[in-house]
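Notes for the one structure printed next.
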Amino acid sequence: MGKTGTVLRELRGAQKTAKGVSLYSRYVNRPAGRFFAAVACRMGLTPNQVTLISAAFTFAAIASVALVRPSFGLAVAAYAGLAIGFALDSADGQLARLTGGGGPDGEWLDHVVDCAKMILVHTAVLISFQRFSGLPGEGWLLLPLGFLFTAVLTFCAGLLREQLGRAAALPTAGTGTAAPVSRLRALVLLPADYGVFCLVFLLLGDRTAFRLGYAALAAVHALFLVAFLAKWFSELRALRTVD
């Protein structure tokens, strides 16, 4: 256990900046990922192996949402699988930074898994709605499709913003001295955090509560999408003036 403690201390010095990160990711998911990364290091796992373990937890939870009738037991199991998968998704990057075992293949695999879970989780909700929910109207089936559209567009637009910014040599934050982080911004970003999205699955035991909670998050994510698109377009447009 002492060795795990040493690894944990080393991991604390290999963290990405907290800028642009919500309170959930900063105080819940990253510390959980740090613990999993330390355990993975002791076990001799590679970052890619941790990514695949993360995918196994996530996809098992998603499959349960689509295939099992909603209940309070399912709610706990689905949330646990999604939350552990998310923490392991943080662990693979932390392990890579600690061991220097990361690379383009790892980054590619991580993004593929992220994209797959984004598509499948909303597809699973759509299937669950159709099979089990007894919806008050068929129009509710459009909700998971709209949420899926919002999630995928946000993911792709954000990834393109990052890649185009790198191509233009736009300065990015590293792991050194970070600029002051706004706690207010971290609080505002909470509804857009995937970890907070996972929490809505704790409502699966009550079909109406889950449907309304899911709809509320979908509306909030749509508002964030509009804000993010405007911000990213403005930043990329400003690069035209950068020599």
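The values are calculated or read from the model by the stated rules, or taken from the named source; none is laboratory data. Since we're looking at a predicted model, the values are computed, not measured. Backbone-built Cβ (ideal geometry, glycine too); neighbour counts: all protein chains shown. What goes into the accessible areas is simple: the full protein's heavy atoms, side chains included, and nothing from ligands, DNA or RNA. Shrake-Rupley method; radii C 1.70, N 1.55, O 1.52, S 1.80 Å.
Here the condition is being closer than 24 Å to residue 141 by Cβ, open to solvent by 40 Å² or more (accessible area, probe 1.4 Å) and out of contact with any Asp or Glu (no Cβ under 6 Å at 6 or more places or on another chain); of 211, 207, 240, it holds for 207 alone. The residues in region 132-158 that are touching a residue at least 40 places away in the same chain (Cβ under 8 Å), open to solvent by 30 Å² or more (accessible area, probe 1.4 Å) and either more than 13 Å from the chain's Cα centre (by Cα) or within 20 Å of residue 204 (Cβ to Cβ) (or both) can be counted, and the count is 6.
Among all residues of region 189-201, there is at least one that is open to solvent by 20 Å² or more (accessible area, probe 1.4 Å) and within 17 Å of residue 70 (Cβ to Cβ). When region 94-106 is examined, which residues are found to be part of a loop (DSSP other than H, G, I, E, B) and touching a residue at least 12 places away in the same chain (Cβ under 8 Å)? Listed by number, the residues that qualify are 101, 102. Among the criteria (1) crowded, with 18+ Cβ neighbours inside 10 Å; (2) within 30 Å of residue 38 (Cβ to Cβ), the one residue 129 does not fulfil is (2). Residues that are in a helix (DSSP H, G or I), modelled with pLDDT of 95 or more and crowded, with 17+ Cβ neighbours inside 10 Å are absent from region 20-28. Confirm whether residue 114 is open to solvent by less than 40 Å² (accessible area, probe 1.4 Å) and either within 24 Å of residue 36 (Cβ to Cβ) or of a type in the set (Val, Ile, Thr) (or both). Yes: the conditions hold for residue 114. If you check residue 179 against the conditions, is it farther than 23 Å from residue 155 by Cα, at pLDDT below 90 and small (Gly, Ala, Ser)? Criteria met by residue 179.
From 77, 91, 61, which residue is open to solvent by 10 Å² or more (accessible area, probe 1.4 Å) and assigned to a helix (DSSP H, G or I)?
Details: 91 fails: open to solvent by 10 Å² or more (accessible area, probe 1.4 Å); 61 fails: open to solvent by 10 Å² or more (accessible area, probe 1.4 Å).
Within the list 77, 91, 61, the selection yields 77.
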